Amino acid sequence: MGEATTKRDKVAHIKLMDWKTFASEWCGYELMTTFACDFDIADAFGVNAIRNTYKKAFNEWKDNYKYLTELVLVLNWKIGQYFGLKNQEYACVYNELWMAADSYAEEHLRGEELAYFHRVTD
């Protein structure tokens, strides 16, 4: 991709590389979970599968600030992926889920946990 390529274009072309490479090379972040791949699988089965995957991941990991942070990060990437691919339905669903997880993190994390969340997601 050329230097003039926008961040949105980069995210839209995620499918050209795996999530681990995307996270590392474009974001300087090392994935700790399978959230990105879990959502890729859910994408193939539709909106209900996406929502179910979110519910399972969120309920299981909302008390682990690093995993919650990664969930918010991955949901944001998925918004960009589907916005770039012009799939408004999936982009809107991922935006709704991102807003819920992001709000939860902002309301429940404190101190160093909240600072970590902001460092990783900003």
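Got a number for residues in the stretch 92-122 being surrounded by fewer than 13 Cβ atoms within 10 Å (Cβ to Cβ) and touching a residue at least 12 places away in the same chain (Cβ under 8 Å)?
Total meeting the criteria: 0.
Take D102 and decide whether it is assigned to a loop (DSSP other than H, G, I, E, B) and more than 20 Å from W19 (Cα to Cα). Show your work before the answer.
Values: assigned to a loop (DSSP other than H, G, I, E, B): no; more than 20 Å from W19 (Cα to Cα): yes.
Here the answer is no, as D102 does not meet what is asked.
For the stretch 108-122, give me each residue that is acidic (D, E) and more than 14 Å from N64 (Cα to Cα).
Across the stretch 108-122, the qualifying residue is only D122.
Kindly establish whether A57 is aliphatic (A, V, I, L, M) and without any contact (Cβ under 8 Å) to a residue 12 or more places away in the chain.
Taking the combined requirement at face value, the residue does not satisfy it.
Given the condition in a helix (DSSP H, G or I), over 14 Å from the mean Cα position of the chain (by Cα) and exposed (fewer than 14 other Cβ atoms within 10 Å of the Cβ), answer yes or no: does some residue in the stretch 73-91 qualify? I'd like the intermediate steps shown before the answer.
Within the stretch 73-91, the subset in a helix (DSSP H, G or I) is 73-84, 88-91.
From the residues that got through so far, the ones that are over 14 Å from the mean Cα position of the chain (by Cα) too are 84, 88-89.
Among the residues that remain, those that are also exposed (fewer than 14 other Cβ atoms within 10 Å of the Cβ) are: 88-89.
Checked against the condition, which is being in a helix (DSSP H, G or I), over 14 Å from the mean Cα position of the chain (by Cα) and exposed (fewer than 14 other Cβ atoms within 10 Å of the Cβ), the stretch 73-91 yields at least one hit.
Hand me the list of helices (runs of 4 or more DSSP H) wholly inside the stretch 1-70 holding 1 or more residues that are modelled with pLDDT under 90, hydroxyl-bearing (S, T, Y) and surrounded by 13 or more Cβ atoms within 10 Å (Cβ to Cβ).
19-27
The values are calculated or read from the model by the stated rules, or taken from the named source; none is laboratory data. Predicted model, so just to flag it, every value in this text is computed and none were measured. Please note: Cβ atoms are built from the backbone with ideal geometry, for glycine as well, and neighbour counts cover all protein chains shown.
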